[in-house]
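These notes are about the structure you will find just below.
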Amino acid sequence: MKIPTIKFHSLKLNKIIELLIGGNVVLTAAWGFINPFIAVFITEQIKDGSLFVVGLSSAIYWVVKSSLQMPIAKSLDRLSSEDDEVLSLALGAIITSFVPFGYLLADRAAFVYFLSIILAFGDALLVPAWSSIFTRHIDQGKENVSWGLNSTLCGYVLAAATLCGGWIGEKIGFQSIFIFAGIINILGALFFLDLVNHFRKMPGNKKMTVKEFVNGLHNGIWGRGF
């Protein structure tokens, strides 16, 4: 399935940067539906939920993400093909797509903590790979415009997503927020899957299977010291 690219004709950015910005903006929109309201959900909808559970779930996310991110980043640097970074990006986005739907099943704090771990793992795969590809393929002389456009569009979609999320949550309920967010997250992942296809059509790019990527990531993290 081919995903339509968000075009920025007047800025004349390259295809890779367009896909990276497009995917990041869509993922930002997805989590803009959830993040401002997750504390209310946990305290009101989770049976043993409390402000402490809110804080602990956030702490678990940041500790797990921070602990995994550097080993993954170093492992990606050691793999020879840029294909591994694109696969890491796409896989991370796919993993995060499961989390909003997981909240539909959450009724205990333990399950919220589990979802925080899954989200942290997905983001640990996604963030270093996105930054690496963006840095490598950014248009020379348009560095400020490229980063500024990414930040500006994310800001606009966050404003829209939080407003819509608040309205949907109040009028329909939390379940609708999670469904909307999950669907949008999947759309963001499709941008990065399209990026995989784009890279594999580039001449000279060394293709890597998912199995090779997983083995390389495993060996890079556990097979060598950091």
Q | Rg/Rg_ref, region 111-152, where Rg_ref = 2.2 N^0.38 Å and atoms are Cα | A | 1.60
Q | Neighbour-count order for ASP48, ASP139, ASP83, fewest beta carbons within 10 angstrom listed first | A | ASP48, ASP139, ASP83
Q. So what's the Cα pair-distance distribution over region 78-155, bin width 10 Å, in %?
A. 17, 34, 31, 15, 3, 0
Q: With a/c under 1.5 counting as rounded, go ahead and sort region 28-120 into rounded, prolate or oblate using the C-alpha gyration tensor (a ≥ b ≥ c being the square roots of the eigenvalues; past the cut-off, prolate if a/b is larger than b/c, else oblate).
A: prolate
Q. Viscosity 1.306 mPa s, temperature 10 °C: Stokes-Einstein D of the chain from its Kirkwood Cα radius, in µm² per second?
A. 86 µm²/s
Q. Of all the C-alpha pairs in region 143-192, what % are more than 14 Å from each other?
A. 63 percent
Q.
I'm checking a number: the convex hull volume of the Cα atoms of region 28-69, normalised per residue, in Å³. What is it?
A. 77 Å³
Q) What is the helix-to-structure angle for 83-103, meaning the angle in degrees between its Cα long axis and the longest Cα principal axis of the chain, kept from 0 to 90 and rounded to the nearest 10? A) 10 degrees
Q: Treating the angle as unsigned and between 0 and 90°, give the value, to the nearest 10°, between the Cα long axis of helix 51-78 and the longest Cα principal axis of the chain.
A: 10 degrees
Q) If packing is taken as the mean number of other Cβ atoms within 10 Å per residue, what is the order of 107-120, 87-100, highest first? A) 87-100, 107-120
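Read the figures in this text as sums done on the coordinates, not as results from a lab. Just so we're clear, the structure is a prediction, and the values are computed from it rather than from any experiment. Cβ: placed from backbone, ideal geometry, glycine included. Neighbour counts: every protein chain shown.
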